[in-house]
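To start, the structure itself, in structure tokens.
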Amino acid sequence: MKTRIPLFALIVISFQAFSQHTLRKEINFPDIEGYHTLKCDFHTHTVFSDGKVWPTVRVDDAWRMGLDAISITDHIEYQPHKDYIPTNHDAGYEIALPHSHETNLILIKGSEITRHMPPGHLNGIFITDSKKLETEAVRKYWETGETDTVRDALDYMKPIEEANRQGGFVFWNHPGWASQAPNGIKMYDVHKDLIKKGLLKGVEVVNWDYWYPEALDWCIEYNLTVMSNSDVHEPSGTFLEMADNTHMPVTLVFAKERTEAAIKEALLAGRTAAWFEDKIIGKEEFVDPLVKACIKVNKPHYVSENGTKYVLVENLSSCDFTLVNDQQTLHLKGDNSVLLTYGKDESEKKFTAKNVFITSDKNLDVVLRY
Ligand SMILES: [Zn+2]
Ligand SMILES: [Zn+2]
């Protein structure tokens, strides 16, 4: 006799398999006035270029790491697995998309345009057709093996223009990567030209386990968007061990709503900040309201006979803050609180947040006022 398993039972079984064995570590950053604070990583790789994981693993990892949105940005021009895995520039997105729906992760289509410096490596995200970023020179390179015609070929404008034509947001990756900047980080005329033409709109201030203070200053000078991405090629757990960190680099995006369109609007408007190790890095106009939202100073809950006021200061974020002034250093650990005392006539304390960078060499001033 045949036993039929009802369809709903299969659905329940598969749902439980996911919900019981997968834990998400939430990243806490409060919203700021008028905007949701979204946690994003706009630079990741899969086996469809030089990454080590299948695209659905990228989605699982991002979900477990507490992210809202990712982009899979495989190299167009670097295909080291092509003898085993066919070159398909759209595959990463297509394979990962159904699982992104299941996990409520926003998956943004992207690719990494890969050239020697300048311009180096650039990501195009919010594009619609990755295939079209592959140029004739690249195809010739694969067919003939003639190196350095391609990677050196001055055809970098074609994919950059194409990505922009598709409505993409193009940013410069790892500008200080030692392989491409052996004499130190610098912006070339090529980049200035791309910025002037409106074809390059952001730069990675953080990539993997590096941050580039100079790039933050460029963001301010050239009105570029601050990007902070993992460029992860491995499973995330391996990455974290290699980078000796507890979280991935995150681009905090201040978006009007939790949608792909709103993220794009925010990136075009430059409303981002970087969360890297225990640092928050970005333009003061966005970092200042973020830090104000992260550190909540309560009203005094007790006043002693001599007038000393006892105040609970809460860190509502996952980021550790180090606040310093002449009198004290305050370590405000992520998701923790501290008890401060204020003198009889004291209602505020001024600090400098040593872990918050608003230029390459300037930290944010913070006032704890109840
Ligand atoms: Zn790269
Ligand atoms: Zn990359």
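The values are calculated or read from the model by the stated rules, or taken from the named source; none is laboratory data. All of these numbers come straight from a predicted model, not from anything done at the bench. A quick note on method: Cβ atoms are made from the backbone with ideal geometry, for glycine too, and the neighbour counts reach across all protein chains shown.
Exactly one residue out of T73, T56, T44, T22 is farther than 30 Å from E314 by Cβ, among the β-branched types (V, I, T) and surrounded by fewer than 21 Cβ atoms within 10 Å (Cβ to Cβ): that is T56. Of the set (1) part of a helix (DSSP H, G or I); (2) modelled with pLDDT under 80; (3) not basic (K, R), all apply to D148 but (1). For region 117-136, residues that are more than 15 Å from ligand 2 (Cβ to nearest atom) and either surrounded by fewer than 20 Cβ atoms within 10 Å (Cβ to Cβ) or modelled with pLDDT under 95 (or both) total 8.
Against the list (1) surrounded by 14 or more Cβ atoms within 10 Å (Cβ to Cβ); (2) in contact with a Ser or Thr (Cβ under 9 Å, 6 or more places away or on another chain); (3) at pLDDT 95 or above, the condition L194 fails is (2). In region 45-77, the qualifying residues are those that are in a strand (DSSP E or B) and more than 15 Å from E94 (Cα to Cα), and the one that is farthest from ligand 1 (Cβ to nearest atom) is A69. Being of a type in the set (S, T, N, Q), away from ligand 1 (no atom under 15 Å from the Cβ), modelled with pLDDT of 95 or more and in contact with a helix residue (DSSP H, G or I) (Cβ under 8 Å, 6 or more places away or on another chain), is that true of even one residue in region 224-239? Yes, there is a match, as at least one residue in region 224-239 is of a type in the set (S, T, N, Q), away from ligand 1 (no atom under 15 Å from the Cβ), modelled with pLDDT of 95 or more and in contact with a helix residue (DSSP H, G or I) (Cβ under 8 Å, 6 or more places away or on another chain). Applying a threshold of 7 Å to beta carbon distances and a minimum spacing of six or more residues, or different chains, the list of pairs starting in region 304-324 at a residue that is free of Cβ contacts under 8 Å to residues at least 60 places away in the same chain and ending at one that is assigned to a loop (DSSP other than H, G, I, E, B) and among the hydroxyl-bearing types (S, T, Y) reads V311/Y370. Would you say A293 is modelled with pLDDT of 95 or more, closer than 20 Å to G66 by Cβ, in contact with a Phe, Trp or Tyr (Cβ under 7 Å, 6 or more places away or on another chain) and surrounded by 15 or more Cβ atoms within 10 Å (Cβ to Cβ)? So A293 fails the test.
For first residues located in region 107-122 and over 15 Å from M187 (Cβ atoms), partners that are among the small types (G, A, S) and within 11 Å of ligand 1 (Cβ to nearest atom) and lie 6+ apart or on another chain with Cβ distances below 8 Å form the pairs E112/S49. Looking across region 321-370, the residues that are among the charged types (D, E, K, R), under 31 Å from the mean Cα position of the chain (by Cα) and over 24 Å from V303 (Cα atoms) come down to K333, D335, K354, D361, K362, D365. Every listed requirement among (1) part of a loop (DSSP other than H, G, I, E, B); (2) away from ligand 1 (no atom under 15 Å from the Cβ); (3) in contact (Cβ under 8 Å) with a residue 40 or more places away in the chain is met by Q180 save one, (2). When residues in region 95-129 are screened for being among the hydrophobic types (A, V, I, L, M, F, W, C), within 13 Å of ligand 1 (Cβ to nearest atom) and in a loop (DSSP other than H, G, I, E, B), 1 of them pass. Taking A215, is it within 16 Å of ligand 1 (Cβ to nearest atom), of a type in the set (A, V, I, L, M), in contact with a strand residue (DSSP E or B) (Cβ under 6 Å, 6 or more places away or on another chain) and over 24 Å from I106 (Cα atoms)? For A215, the condition - within 16 Å of ligand 1 (Cβ to nearest atom), of a type in the set (A, V, I, L, M), in contact with a strand residue (DSSP E or B) (Cβ under 6 Å, 6 or more places away or on another chain) and over 24 Å from I106 (Cα atoms) - is met. Checking H116, H99 one by one, the residue that is in contact with an Asp or Glu (Cβ under 8 Å, 6 or more places away or on another chain) and more than 14 Å from W54 (Cβ to Cβ) is H116 and no other.
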